[in-house]
Amino acid sequence: MTQTHWNDVGIDYDKVLGTDASNVALLSAAVELLPPTAKDVLDIGSGTGRLTSLVREALPLSTIVGIDPAPTMVRAAEEKFAADSGISFTGGAVEDLSQFPDNSFDVAITSFALHHLELDTYDTAAAEIFRVLRPGGRFINADQFCRVMGPAGSLDRALDVLDLLTAKARHYLLHASFERMLLQVDLLPRFMREDGEILTTPEYWTDALTRSGFRSAIIVPTPPEELMNRVIWADKP
Ligand SMILES: C[S@@+](CC[C@H](N)C(=O)[O-])C[C@H]1O[C@@H](n2cnc3c(N)ncnc32)[C@H](O)[C@@H]1O
């Protein structure tokens, strides 16, 4: 299974992220795109279940499966939702959803998770998501993006990522919390080296989705737009 440094994240993730209105806005925008009739929902990179909680509020009668490659995250989420028999969690990564048959879900939703993918796995991930969705099913991806693609460490790309991430750190310090800023600064070397944290343009995702057979993919900016948080959604024909 994909290794992820998120298995060892040593902070109170829910508390720190809860201080960040831009993250709350992003997750809310994703949940607004849930079709009200959806019954089976896959939450990819479910982490501690912050998005899972919002999906449950929006779709009280649905069955929700969270998948995450980090065993510590799966355990934390299982504990949190132990009282809800309609929610379960399993280990696994988006690049290999073989534990789910074709046409299993009405929605595949994900937040702040798919920027962990290696750039050469986007087509595999998009094809897996397409496969497990039912015809008419919807993919909703809320994540952070950048403005420039290019070879790792090339000047234009490195400048874009550095400018974006330092702007984010300043924004978090001024508008979220000291701890949220520190999380961003701690992750900065990983983003710069493209080591487990790899920003892409929104179009890098929409192109992969279109290649996998999704109907036209839509990019929705969430505030503040300059931080490059976006929701991307697309329906399976
Ligand atoms: C920043 S957390 C976000 C969790 C949650 N969705 C939220 O918004 O709070 C990112 C999660 O993505 C997971 N992840 C990393 N690589 C992944 C992959 N290849 N497939 C699915 N999830 C992955 C990590 O283990 C981690 O729990």
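Hey, got the dipole for the chain? About the Cα centre, +1 on K and R Cβ, -1 on D and E Cβ, debye to the nearest 20?
It works out to roughly 400 debye.
Extension gain, Arg170 to Thr210: 0.36 nm times the residue separation minus the Cα-Cα distance gives 10.9 nm.
Contact order, relative form, for the stretch 62-189: 18 percent (alpha carbon pairs under 8 Å, 6 or more residues apart, mean separation divided by residue count).
Rounded to the nearest 500, what is the 222 nm mean residue ellipticity of the chain from helices alone, with -39500 (n - 2.57) per DSSP H run of 4+ residues and division by all residues?
Computed ellipticity for the chain at 222 nm equals -12500 deg cm²/dmol.
Placing unit charges on the Cβ atoms of the charged side chains and taking the dipole of the chain about its Cα centre, the candidate lying farthest along the positive direction among Ala113, Leu33, Gly49 is Leu33. Put simply, the convex hull of the Cα atoms in the stretch 9-128 casts, on average, a shadow of 7.6 nm². Based on protein heavy atoms only, the stretch 118-237 ends up with 45 Å² per residue of surface accessible to a 1.4 Å probe. Summed over all non-identical Cα pairs, the Kirkwood treatment of the chain gives a radius of 17.9 Å.
Across the accessible surface of the stretch 75-153, with the other protein chains kept in place and a 1.4 Å probe, carbon and sulfur atoms take up 51 percent.
Grab the other residues whose beta carbon is less than 13 angstrom from that of Leu26, score K and R as +1, D and E as -1, and report the net.
Local charge sum for Leu26: -1.
Judged by the mean number of other Cβ atoms found within 10 Å, the most tightly packed of the peptides 127-134, 114-121 leads the ranking 127-134, 114-121.
The values are calculated or read from the model by the stated rules, or taken from the named source; none is laboratory data. Everything quoted here is computed from the prediction, not taken from an experiment. Neighbour counts run over all protein chains shown; Cβ positions are idealised from the backbone, glycine included. For accessibility, only protein heavy atoms count, side chains too; no ligands or nucleic acids. Shrake-Rupley method; radii C 1.70, N 1.55, O 1.52, S 1.80 Å.
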